[in-house]
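Presented below is the structure to which this report refers.
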Amino acid sequence: MKMENLLVGIAIGDAFGAGVEFQDRDWIRANVDFSKFINARGDIKIEEERKKIFTQNYSPWDYTDDTEMTIGVIKALLSKSTFSEKLLVEKWTEEYQKGIVEKGFGRNGHGSMSWYYNGEKTIDEIRDFQRNRFNPGNAPAMRSVPLGLIEEKMINNFAKINANATHPNINAIISSQCIAQATNYLIVKKGEAKNVIQYCKSQVELNESYENYFKQIEELGSYENLTNSDFEILCGRQPIPPPYFLSGIKGVPSDSKFTTGSVLYILKNSKDAFDALQKSIWLGGDVDSLASITTGIMAGRNGLESLPKFMLENVEGVPYLKQIAKSFEKIIIK
């Protein structure tokens, strides 16, 4: 049941967040009251010729690449093959192709992996693209939650493999490890949420950039009292500057480090899955990735009862998610 709650929570955070993804924080706070689904993808502030990336083949309540790739990680763990970069790419591709068979098109949301799926780049070329970026994408973080439920001594190694499969970049590796360790701490160890950042610092070898960032986040006050300067600490410069994506809005960019810090801060300050969902969406920016992680972890910790009924009834693929969860429950650490 714990795994079922976690996976459905991931999909709900992802799907609800996708509707208002890359909207400005102020717009979200003025227009989103969580009483209904809002599809604002056609209003994303981006060039018209690029807007179809977000609107083409998209339907409200569809989950995105966040949930799809998380499922791929679970299927790799369920496989009898050695957990490796190659196996992960195979499972992600299988899940992507499954979507094409069922829907007639690939699932919305993929970043650099879309180049691999459409044959534009090889997986090695994608790794080379991400390898030395100072702002690698947040895919390794968004799909690493299940890795927190495996045997503890394997978590950091498997999380590194998860990152290296597409983003062999130290900031991406640390993000994958921190999200997995946060999952382990809050769900398996049932640790106190107020200590989640300290726990990650004790389990993951951070670089100087993460050390300084986490120190600043720990000094922030309550979520409700965040100031403009606090949002700059949590999310980086505001509005988001280029080349961070999406530039020009206030919110969390598609960046491994800022996604990870925002996740840990929200987990530290949330009481249940719905509280985490709201706090994630209210930050603005790349909120579907943020909400998928935080809602999933808090649902795995405290259940789905706090989430509105309309979310549970409308999110895509619940029977499929429950089926996967049932298989995964048999191998996770209780």
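With Cβ to Cβ distances under 10 Å as the rule, what net charge do the other residues near Lys268 carry (K, R +1; D, E -1)? Neighbourhood net charge equals -1.
Working value for region 95-167: equivalent-ellipsoid semi-axes of 24, 18, 10 Å, each the square root of 5 times a Cα gyration tensor eigenvalue, largest first. Taking the average, over residues, of other Cβ atoms within 10 Å as the packing measure, peptides 53-63, 162-172, 147-157, 114-124 rank 162-172, 147-157, 53-63, 114-124 from highest down. The length gained on full extension between Glu151 and Tyr117, counted as 0.36 nm times the residue separation minus their Cα-Cα distance, comes to 9.1 nm.
Length gained on full extension, Ser35 to Lys330, computed as 0.36 nm times the residue gap minus the Cα-Cα distance: 102.6 nm. Here's how it looks for Gly285: its modeled amide H is under 5 Å from those of Phe22, Gln23, Arg25, Val252, which are all 5 or more places away or on a different chain. Model label points for Thr82 and Glu313, set 7 angstrom from Cα along the Cα-to-Cβ axis, are 5.0 nm apart.
Once you have the Cα-Cα distance between Arg237 and Lys51, take 0.36 nm times their residue separation minus that, and quote the gain in nm to one decimal. Before the final figure, lay out each step's value.
Values: separation 186, 0.36 × 186 = 66.96 nm, distance 2.41 nm.
Computed gain between Arg237 and Lys51 is 64.6 nm.
Output the pairs from Lys160/Lys322; Lys80/Lys271; Lys52/Lys121; Lys2/Lys160; Lys80/Lys201; Lys121/Lys330 with a Cα-Cα distance over 29 Å in this structure; if there are none, say none. Don't jump to the answer; show the numbers that get you there.
Working: Lys160/Lys322 27 Å; Lys80/Lys271 37 Å; Lys52/Lys121 20 Å; Lys2/Lys160 25 Å; Lys80/Lys201 32 Å; Lys121/Lys330 37 Å.
Cα-Cα > 29 Å for Lys80/Lys271; Lys80/Lys201; Lys121/Lys330; rest within.
Per residue, the accessible area of region 112-196 comes to 37 Å² when a 1.4 Å probe rolls over the protein heavy atoms.
Accessible area per residue for region 1-104 in Å², computed with a 1.4 Å probe and the full protein assembly in place, what is it? Please list the in-between numbers first.
Details: 4430 Å² over 104 residues.
I get 43 Å² per residue for region 1-104.
Assuming a viscosity of 1.306 mPa s and a temperature of 10 °C, what translational diffusion coefficient in µm² per second does Stokes-Einstein assign to region 1-100, Rh being the Kirkwood radius over Cα pairs?
On the way: Rh = 15.4 Å.
The Stokes-Einstein estimate is 103 µm²/s.
When the alpha-carbon atoms of the chain are used, the pair Rg, Dmax equals 17.8, 49 angstrom.
First compute the accessible area of the chain with a 1.4 Å probe, then give the percent of it belonging to carbon and sulfur atoms.
Working: 6410 of 13370 Å².
The computed percentage sits at 48.
Computed with a 1.4 Å probe on the full set of protein chains, the accessible area for Arg131 sits at about 100 Å². Applying the Karplus relation 6.51 cos²θ - 1.76 cosθ + 1.60 with θ = phi - 60° to region 196-213 yields 3J(HN,Hα) values of 5, 5, 4, 4, 4, 5, 7, 10, 10, 7, 8, 8, 4, 4, 5, 4, 5, 5 Hz, where x marks Gly and Pro. Applied to region 73-83, the Karplus parametrisation 6.51 cos²θ - 1.76 cosθ + 1.60 on θ = phi - 60° returns per-residue 3J(HN,Hα) values of 4, 4, 5, 5, 5, 6, 5, 8, 7, 5, 5 Hz, with x for Gly and Pro.
For region 224-334, the convex hull spanned by the alpha carbon atoms encloses 128 Å³ per residue.
For the set Leu264, Leu304, the ranking by accessible area, highest first and with no ligand, DNA or RNA atoms included, is Leu304, Leu264 under a 1.4 Å probe.
The values are calculated or read from the model by the stated rules, or taken from the named source; none is laboratory data. Nothing here was measured: the structure is a model prediction, and the numbers come from that model. Reconstructed Cβ throughout: ideal geometry from the backbone, glycine too, with neighbour counts over all protein chains shown. Each accessible area value is taken on the protein alone, full model and side chains, heavy atoms only, with ligands, DNA and RNA left out. Shrake-Rupley method; radii C 1.70, N 1.55, O 1.52, S 1.80 Å.
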